[in-house]
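Here's the structure we're looking at; comments come further down.
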Amino acid sequence: MVRAAALASGDGARLQAILDSMYFKEIPNFELVAVISPQRDAYAMKRALNAGVPAYVVDPELFPTMTSHSMAIANKLRDMDIELVILAGYDLPLGVVPYQFKNRIIGTCPSLYPAFEDVEGDVCRAVLERGVKVTGATAYFTDGDGRVGNIILQKAVDVLPEDDPDTLRQRVMEEGEWKLLSRAVSLYCAGRLSIHGSRVLIAPEK
């Protein structure tokens, strides 16, 4: 059984995808032990508690630097014997966490990475401004700096003529990020992911 924890900020929409997959038993050998948030009033915390998952707050205002805050999170994860860390809409720097959980942190981004990797802010708005016809989502292992590292999965999402940033963002999340996050976690827990250089290989299902 893989002991996992999710780091979440804000409304926890990506977290809900994992909670739904747990409810429907779509992820084998998986136990979500905790949800950790920097915000006590984040809706992600309510989602966790409603699903019976312990929720913890690690408030950055209680620490002198973001590095010390990330060290506290890393210590919390180690104390709970966490193997896999899931980024479920976490919006703070990961600091030291990626160094202590190398190739064990999975996140998503709302683009077909490395497309739009240099965009700061609203990727979907940038997609529309460039007139792109197809965008999508990427599931990845973080690199040592907490950014997009080795790519696990990608899914294309069409850009529709009537799209605005809000409608496109919602569809990329629902059709792309939610599905990829749960699928990537499932593949990890099934022991089907291996890293060879810059590539993530997916072993056939046994």
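A few remarks follow.
- For region 106-127, taking the residues that are of a type in the set (A, V, I, L, M, F, W, C) and touching a helix residue (DSSP H, G or I) at 6+ places or on another chain (Cβ under 6 Å), the one that is farthest from Tyr43 (Cα to Cα) is identified as Phe116.
- Inter-residue pairs, beta-carbon under 7 Å, first among the small types (Gly, Ala, Ser) and in region 142-170, second surrounded by 14 or more Cβ atoms within 10 Å (Cβ to Cβ) and in a loop (DSSP other than H, G, I, E, B), 6+ apart: Gly146/Pro93; Gly146/Leu94; Gly149/Asp143; Ala156/Leu112
- Selection status of Pro114, touching a residue at least 40 places away in the same chain (Cβ under 8 Å) and under 25 Å from Lys179 (Cα atoms): no
- Residue within region 117-136 that is crowded, with 18+ Cβ neighbours inside 10 Å, within 23 Å of Val85 (Cβ to Cβ), touching a residue at least 24 places away in the same chain (Cβ under 8 Å) and in contact with a strand residue (DSSP E or B) (Cβ under 6 Å, 6 or more places away or on another chain) present: no
- Per-region count, region 17-35, residues within 13 Å of the chain's Cα centre (by Cα) and within 19 Å of Leu92 (Cα to Cα): 1
- Per-region count, region 70-103, residues surrounded by fewer than 19 Cβ atoms within 10 Å (Cβ to Cβ) and under 21 Å from Ser194 (Cβ atoms): 5
Values quoted throughout were computed directly from the atomic coordinates according to the rules given, and no laboratory measurement underlies them. These numbers come from a predicted model, not from an experiment. Cβ coordinates were reconstructed from backbone atoms using ideal geometry, including for glycine residues, and neighbour counts include every protein chain displayed.
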